[in-house]
Amino acid sequence: MCNAAIGATAAVAALAGLVAAGPAPAAPAASVEKQLAKTASVHGEARISYIESIDDDIRFTIHAEQTPFTRPVPPKAPEGLSTDARGSLKFSHTPRGGATGWAEAQVDCLVTSGRTATLTAVVTKSNVEEIGARLGISVQQGGKGEPDRLGFSWGVVNVDPEHVDENGLPVRPQAGTCMAPAPFTTVIKGGFKVVHAEITKSPAQPEAAIRRG
């Protein structure tokens, strides 16, 4: 009985100490905001399996981060767009017994949703692509044991049947910013990490202007 009384007294004393001390100090607002802030991004490298070239060695390396409002588009978006981005894209395609085609490009746009990212990049060096061409890429990070996937804006997509070149082949239009097909190929080696972040509203476009558009 004596031990029980002592235990009860100690518990009351401890509780009184907590009440006197008050609640634990809240974390600084700046610290909380820093924890909540995210930057949309996609990073990784992978070899894919493409049904049209099933035996070929096709690889992509992507390092892209969103940098909102850093690429002015006058006159409608003088401060740039919320999907502006920076980074690099590299790809190579080696047919069995053939020469390797490759390209390097600078990322200009990125948008994400969950484990999926869509980005575009402008070619700076290549032996198969036109310098200045914009390429569209989509990436889906796999979940629950599923493989990652990737899509690209050439091959079986992005052709204009109504317009042909001097050889009678359909013209491939240039991809607009952040425009890419669904990720229609499967990653068979390597992979990608997608970090999602919501896009923010442009300060240059008031609500009324958006509704009228």
### Message
Return the residues of the range 86-100 that are in a strand (DSSP E or B) and open to solvent by less than 90 Å² (accessible area, probe 1.4 Å); say none if nothing qualifies.
### Response
G87, S88, L89, F91, S92, H93, T94
### Task
Just name the residue that is farthest from G80 (Cα to Cα) out of those in the range 104-117 that are among the polar types (S, T, N, Q) and open to solvent by 30 Å² or more (accessible area, probe 1.4 Å).
T116
### Query
Just to be sure, is A46 more than 28 Å from K201 (Cβ to Cβ), modelled with pLDDT of 95 or more and surrounded by 22 or more Cβ atoms within 10 Å (Cβ to Cβ)?
yes
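Matching residues to (1) open to solvent by 70 Å² or more (accessible area, probe 1.4 Å); (2) more than 20 Å from D57 (Cβ to Cβ):
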{"site": "W102", "(1), (2)": "yes, no"}
{"site": "S126", "(1), (2)": "no, no"}
{"site": "F152", "(1), (2)": "no, no"}
{"site": "V157", "(1), (2)": "no, yes"}
{"site": "V187", "(1), (2)": "no, no"}
### Of the criteria (1) at pLDDT 85 or above; (2) among the charged types (D, E, K, R); (3) open to solvent by 90 Å² or more (accessible area, probe 1.4 Å), which one E65 fails
(3)
### Task
Could you pull out the residue among G132, G80 that is among the small types (G, A, S), more than 16 Å from I188 (Cα to Cα) and touching a residue at least 12 places away in the same chain (Cβ under 8 Å)?
G80
### Query
Residues in the range 129-145 that are open to solvent by 60 Å² or more (accessible area, probe 1.4 Å) and either modelled with pLDDT under 95 or under 14 Å from the mean Cα position of the chain (by Cα) (or both): how many?
3
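The values are calculated or read from the model by the stated rules, or taken from the named source; none is laboratory data. Computed from a predicted structure; not experimentally measured. All Cβ positions, glycine included, derive from the backbone under ideal geometry; neighbour counts span all protein chains shown. To get the accessible areas, we keep the full protein, side chains included, count just its heavy atoms, and leave off ligands, DNA and RNA. Shrake-Rupley method; radii C 1.70, N 1.55, O 1.52, S 1.80 Å.
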